[in-house]
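**Student:** Attaching a single structure in structure tokens format; questions to follow.
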Amino acid sequence: MDGLPLPTSPRPRCLRRRRRPPPAFPSTPKPRRSLVSLRVRAVKDPAPAFKSVTAFAPATVANLGPGFDFLGCAVADDSLSLGDTVTATIDPSLPPATVSIASVTSPARPHLADRLSKDPLRNCAGVAAIAALRAIGVRSHAVSISLAKGLPLGSGLGSSAASAAAAAKAVDALFGSRLHRDDLVLAGLESEKAVSGFHADNIAPAILGGFVLVRSYDPFHLVPLESPPDLRLHFVLAAALVAAVLQGDAALIGSAMSSDAIVEPTRAPLIPGMPAVKAAALQAGALGCTISGAGPTAVAVIDGHDKGHEVGRRMVEAFWTAGKLKATATVAQLDRLGARVISTSNLD
């Protein structure tokens, strides 16, 4: 799969102006009952299991052509640069049951960090960390988090979901990994609904990994789609595509992904050169090509890593020739793990 972020101005999804809640936590009033609070099964006021935990969450490709707002998958590269990392640390200097953001960095894009707020109520990672802390039932300890952004904003690769997923995973692991997988997703969904709408097609695969189908929200029901382990990367489309994932039919996956006649025709004109990019990808041997999420990333499905670089080169050329836009290509594989702990620090 080759992701091609276009040089349009990224939308600062975590910085949109909204009515700001009062800073107190966890007594912040809610306009309606939170799904997270409905699913809490945690021990009251648990003790921390670690001094600090660092978690990584991968990029995600949502919509997948016809799978609009209910289907997504996680993707990552071997170096784990295609995703976000959050370190959660027990901080006795803070008031109990609060979250603060100690730092926001972006090693590959230093300018990006300046665009993200360090107010936890206005940052995707902060909102998810607060939701996880509340869901776990923590009352006597406070947490500070550090966010390292590996994904660009507004790229169609689930940037906000990656921050939220890594934060929820890190905070949960900090207190002994007490939350059920759905509760982790719901904690991340608190962040997603604040910045981009109440849909889980990015946050669910960011936490669970692989392909995830959002079957319903009330009751909340996720369906992870198992696929053969030898498939490097593939995509899914509702009925036929779900069957293709389960059967490991890469060609059917690509064909289904390219057959979207509803969402892609509406969004493609907003991305200069997209029809030519799709044609170039297919001519170069891709099994399918569509828009990742809301764009502007274009995603092509391939049946092996070796073909990826040529497909990416042709897509980059098409973006420049047809759309006069510079682009870069990244070859990634299906990430089956989702959000995971990558390091811990023991209590003194």
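Coordinate-derived values only; no laboratory data. Here the structure is a predicted model, which means the values were calculated and not measured. Positions of Cβ are backbone-derived with ideal geometry, glycine not excepted, and every protein chain shown enters the neighbour counts.
**Student:** If you plug each phi of region 177-191 into the Karplus form 6.51 cos²θ - 1.76 cosθ + 1.60 with θ = phi - 60°, what whole-Hz ³J(HN,Hα) values come out, in order, with x for Gly and Pro?
**Tutor:** Each residue's phi maps through the Karplus curve to give 6, 8, 8, 5, 4, 5, 5, 5, 4, 5, 5, x, 5, 4, 6 Hz.
**Student:** Can you compute the label reach from Lys51? Point 7 Å from Cα along the Cβ direction, backbone N cut-off under 13 Å, restricted to region 78-117.
**Tutor:** 89-92
**Student:** Separate question: If we count every other residue with Cβ under 14 angstrom of Ala166's Cβ, Lys/Arg +1 and Asp/Glu -1, where does the sum land?
**Tutor:** On the way: positive: Lys149, Lys169, Arg340; negative: Asp84, Asp172, Glu192, Asp335.
For residues surrounding Ala166, the net value is -1.
**Student:** Let a ≥ b ≥ c be the square roots of the eigenvalues of the Cα gyration tensor of region 83-191; is it rounded (a/c under 1.5), or, if not, prolate (a/b larger than b/c) or oblate?
**Tutor:** oblate
**Student:** Work out how much length Ala113 to Tyr217 would gain on full extension: take 0.36 nm times their residue separation and subtract the Cα-Cα distance, in nm to one decimal.
**Tutor:** 34.2 nm
**Student:** Further question on the same structure: For region 35-226, just say rounded, prolate or oblate: build the C-alpha gyration tensor, square-root its eigenvalues into a ≥ b ≥ c, call rounded for a/c under 1.5, and beyond that prolate if a/b exceeds b/c, oblate if not.
**Tutor:** Working: a/c = 1.82, a/b = 1.19, b/c = 1.53.
Oblate.
**Student:** How do 219-225, 319-325 rank on mean C-beta neighbours within 10 Å, highest first? Display every interim value, and only then the final one.
**Tutor:** Working: 219-225: 15.0, 319-325: 16.7.
Order by mean packing, descending: 319-325, 219-225.
**Student:** Among the listed pairs Lys149/Lys307; Lys169/Lys278; Lys149/Lys193; Lys118/Lys169; Lys149/Lys326; Lys51/Lys169, which have their C-alpha atoms separated by more than 24 angstrom in this model? Could you put the intermediate results ahead of the total?
**Tutor:** Details: Lys149/Lys307 28 Å; Lys169/Lys278 36 Å; Lys149/Lys193 20 Å; Lys118/Lys169 19 Å; Lys149/Lys326 22 Å; Lys51/Lys169 15 Å.
Result: Lys149/Lys307; Lys169/Lys278 exceed 24 Å.
**Student:** Fully extended, how many nm does the chain gain between Ser140 and Ser79 (0.36 nm per residue separation, minus their Cα-Cα distance)?
**Tutor:** 18.3 nm
**Student:** So, by mean Cβ neighbours within 10 angstrom, what's the order for 81-94, 118-131, 138-151 with the highest one leading?
**Tutor:** Sorting 81-94, 118-131, 138-151 by mean packing, highest first, produces 118-131, 138-151, 81-94.
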